Amino acid sequence: MYTTHQAQPPSHVTKSLQRNKLGTLAIACFVLSAAAPVTVVAGVIPTGFATTGIIGMPLAFFVIGAVLGLFCVGFNAMTRRISNAGPFYAYVSQGLGKPLGLACFLIAALAYNMLQVGLYGIFGVAVGPLLNPVFGTNLPWWVWALGACAVVAVLGVRRVDLNGRILLILMGLEIILVLIFDAANILNPATPTPSFVAFDPNALFVAGVGAMFVVAITSFVGFEASAIFSEEARDPARTVPRATYLCLGVIAVLYGLSAWSMTVTTGPDRIAEFAGQNGGETLFVLAGTNLGGAWPTIGHVLFATSVFAAMVSYHNAVGRYMFSVGRENVLPGVFGQANDAGAPRWGSIFQSAVGLIVIIVYALGNLDPLVQLFFWGGTSGGFGVLLLLTVTSAAVIGYHVRNGSETLLRGVIAPGIAFVLLLAILALAFANFDSLLGVPETSSLRWTLPGAFLIVAVIGVIWAVILKTRWPNTYRAIGLGANSATGRSTSLDDRTGAHEVEDGLR
Amino acid sequence: MTGVTPLRCRVHTLRSLTRAVPQAARTLRADPSRALSIAQLNTEGYAVLWASHRLYLADHLWLIGHDEKSGKSRVSETVMGLGLAGCLLGELAFHKKIDLTPDHDVKVLRPESGPERLHNTAPEQVANTLLQQIISEQTRPQGVTNVRDWLAYTSQFAHAWVVDRLLTIDLVEPYEIRPLVRKKTRYRVINSNDTVRHAVQIVGQLRERGPIAHEENAFLAFCDAAGLNRWLLRDDDTPAMRNNLQRQLSLLQWPLSSLVAETKAAIGDAVLAHRT
């Protein structure tokens, strides 16, 4: 006798839960919409060429993309097991111990603040020439920066975060614009045929390559945001990893192509000099030469919106980190409160205050907004993120060793290789920090800026020890984020049962 | 947790009173636990029908979570939805219809009693609807059981369900507002005395560190989870009162304590998510 087994159709409850879930493409779009492509192509890449003088930047994007792809093997495995909007902090807390976790929180807070505040410099420089003629004014960069700071502050507390469609449309336009500019560059080569010298591996074996890698990593910052969507993913085990790899691939190809196209149209031996002369205008000067017409103006407009989108994105990243830690009471509990718009109120206000203070200091000190604010802030922030990536790779291994929850490939081999490669890049970056900043080797900045991360890390460790001694309940909640209320970290594997997380290493 | 509200049924003579009584009974049919009493005719010949009704956990959270006059929510829509969802599950837990397992799954108690008996003894229709859905999922091989999933699911409908309950007992009334793009319906409290009295009573007990009933303790806990403490405490929002509150919350027992913690965690995750 044969019976036919038919699977039950999904219930109303299941369908209702699945309705708002995100697929791979949706998550990738959300992540990429904060990537701000024109900001990188117009701001970071030319400044990187000018500062380091290394033509191998296109290849560096692909190399870093591959390294981060390896990193993501272990990262995505952790995403499934630990749900936290501050992924680096949570993973290190539960992989290497709570003191190091708290150290990573402070490193992340400093790095993302540097990245966000640095953007005010380039925003003021970019928007001034656009809007001053319109209003008939001659306002300095810091006025526009203050205006942007005010708008970001309001958007932050009113929870006008990624309003999905608007930023998605802008991102789409930016990518199209970048591809048009790239095509124009490639079709107007300086040599009879487009040169591929920039992809020669030997181009990376030069002095100062660590600085080049930091610039490349800075361009990738934001890919880790895919972890935030794990709770809302349709199938967290597959959707989030696919979205992450998709984002990495798009970013690597887009930026690698753009950087290469600049070397093609100027000539590989002239790109550093050309970028040095034109700075943040490099992309638009080339567009004016190769395309003409209104293209440079269109580019400037999208550049301004791109920078603004990146500002909002980093602002909200800082707010989320502080909310997550406020929920744990590691920071004062007020940081763990949301306002009536559902925004992390005090985290947002804190970040806005940091931006305001920095702009005022730079304005009063008459400091260079492009190099000393944007580039120094951006690359230092990128160095901080590189540090986080390195430590997180080790944390993945530590977590696997303690919990044995993944395959050897995901838990040890891939993160192990990523750790070694990232550590090598980190060492190179530290050694070349003067090149990264474009300052003399004897400048104190080459020590103080990376040293700032060490200082905050030490503060984090000390703070954790104090918490353990005086407030052990709060210490136990480190790394749990919003789940500190339950005292456990939720696993997203169809929620068959959350595993209890043991205390970190003492 | 009871309140009294006058029905909208003013009568002029004894003859019309007899017509009014069945009408009132129809209005009150949804909740058989209500009592109906008729006041005597006053000197002007009016008789006002009074009904005592019961307000549940979710009702009280809704009332404290919205401005009495404007009906505007004091927290975001998502936070309110999750808070109300937690309260609706809390109502079932409080009446021992459901429990939470150590794995934080929702479990129906006394399933061998059969759905008919649970249906008849569920305190109120909204909670009963939710209970039936939980029972239905538990009978499915891949049914939804995790408390976070139930919070997420219930939060989608909780606001509408609770508002329906409040409308049924004439505690709120709808009105429309027209911001820039499209009109919205809000609900304002008809008689805020109930809300104020209840809140004042609880705050008084907190201040005097007196005993607080289990259900009211649960209400305090859900207020805390939804970030509504400052609206509850208002002028009494001092460090000492907050300490009293935390001390009181620590007395909450399983499964409500776990349910409150899961609600708070879900609310935190919702704030952190990009699409709140």
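Each Lys or Arg adds one and each Asp or Glu takes one away; over the other residues whose Cβ falls under 15 Å from the Cβ of A:Gly210, this sums to -1.
Reported to the nearest whole Å, the Cα centre-to-centre distance from the range A:180-222 to the range A:422-494 is 31. Net charge in the neighbourhood of A:Thr24 (other residues with Cβ under 14 Å of its Cβ; Lys, Arg +1, Asp, Glu -1) is +2. The overall shape of the range A:171-212 is oblate: from the C-alpha gyration tensor, with semi-axes ordered a ≥ b ≥ c, the ratio a/c is 1.5 or greater and a/b is no larger than b/c.
Can you tell me the order of B:204-210, A:320-326, A:248-254 when each peptide is scored by its average per-residue count of other Cβ atoms within 10 angstrom, highest first?
On the way: B:204-210: 13.7, A:320-326: 27.1, A:248-254: 19.6.
Averaged packing, sorted descending, gives the order A:320-326, A:248-254, B:204-210.
When the pairs B:Lys69/B:Lys183; A:Lys21/B:Lys97; B:Lys107/B:Lys264 are compared against a 22 Å limit on Cα-Cα distance, A:Lys21/B:Lys97 fall above it. Where a ≥ b ≥ c are the square roots of the eigenvalues of the C-alpha gyration tensor, would you call the range B:168-276 rounded, which needs a/c under 1.5, or, failing that, prolate if a/b is larger than b/c, or oblate? Oblate is the answer for the range B:168-276, as a/c is 1.5 or above yet b/c matches or exceeds a/b.
Label-to-label distance for A:Ala183 and B:Lys69 is 6.0 nm, based on points extended 7 Å past Cα in the beta-carbon direction.
Over the residues of chain A, the helix contribution to mean residue ellipticity at 222 nm works out to -22000 deg cm²/dmol, using -39500 (n - 2.57) for each DSSP H run of at least 4. The distance from the alpha carbon centre of the range A:281-302 to that of the range A:1-73 is 29 Å, rounded to a whole number. Using a/c under 1.5 as the rounded threshold, could you call the range A:118-237 rounded, prolate or oblate? The axes a ≥ b ≥ c are square roots of the C-alpha gyration tensor eigenvalues, and prolate needs a/b larger than b/c, oblate otherwise. Note, shape of the range A:118-237 comes out oblate. Under the combined filter of DSSP loop state and at most 14 neighbouring Cβ atoms within 10 Å, the range A:88-195 retains these trypsin sites (Lys or Arg not before Pro): A:Arg158.
Look at the dipole of the protein assembly as shown built from charges on Cβ: of A:Ala66, A:Tyr91, A:Pro192, the Cα furthest out on the positive end belongs to A:Tyr91. For chain A, the longest principal axis of the C-alpha atoms and the axis of helix A:295-327 are separated by about 30°.
With θ taken as phi - 60° and the Karplus curve 6.51 cos²θ - 1.76 cosθ + 1.60 applied, the whole-hertz 3J(HN,Hα) list for the range B:56-62 is 9, 3, 5, 4, 5, 5, 4 Hz, x standing for glycine and proline.
With all pairs of different alpha carbon atoms counted, what Kirkwood hydrodynamic radius in Å does chain A show?
Numbers: mean 1/r = 0.0429 Å⁻¹.
For chain A, the Kirkwood estimate is 23.3 Å.
Restricting the range A:172-222 to chymotrypsin sites (Phe, Trp or Tyr not before Pro) that sit in a DSSP loop and have at most 10 other Cβ atoms within 10 Å of their own Cβ leaves A:Phe205. The long axis of helix A:414-431 is offset from the longest Cα principal axis of chain A by roughly 40 degrees. Remark: the range A:214-352 carries a charge dipole of roughly 180 debye about the Cα centre, counting +1 on each Lys and Arg Cβ and -1 on each Asp and Glu Cβ.
Relative to the longest principal axis of the Cα atoms of chain A, the long axis of helix A:165-186 lies at roughly 40 degrees. Of the Cα atoms belonging to the range A:342-499, the radius of gyration and Dmax stand at 19.9, 58 Å.
In debye, nearest 20: dipole of the range B:166-276 around its Cα centre with unit charges on the Cβ of K, R (+) and D, E (-)? Could you put the intermediate results ahead of the total?
On the way: 15 positive and 13 negative charges, 105 e Å.
That gives a dipole near 500 debye.
Under 5 Å from the amide H of B:Ile98 lie the amide H atoms of B:Ala93, B:Leu109, each residue being 5 or more positions distant or on a separate chain, with H modelled from the backbone and absent for Pro and chain starts.
What percent do you get for the relative contact order of the range B:202-261 when only Cα pairs under 8 Å and 6+ apart count?
On the way: 34 pairs, mean separation 27.6, N = 60.
Here the relative contact order equals 46 percent.
Each part reduced to its alpha carbon centroid, the range A:92-127 and the range A:346-395 end up 7 Å apart.
Every read-out reported here was derived from the displayed coordinates using simple, explicitly stated rules and does not represent laboratory data. Model, not experiment: these values are computed from the prediction. Cβ coordinates were reconstructed from backbone atoms using ideal geometry, including for glycine residues, and neighbour counts include every protein chain displayed.
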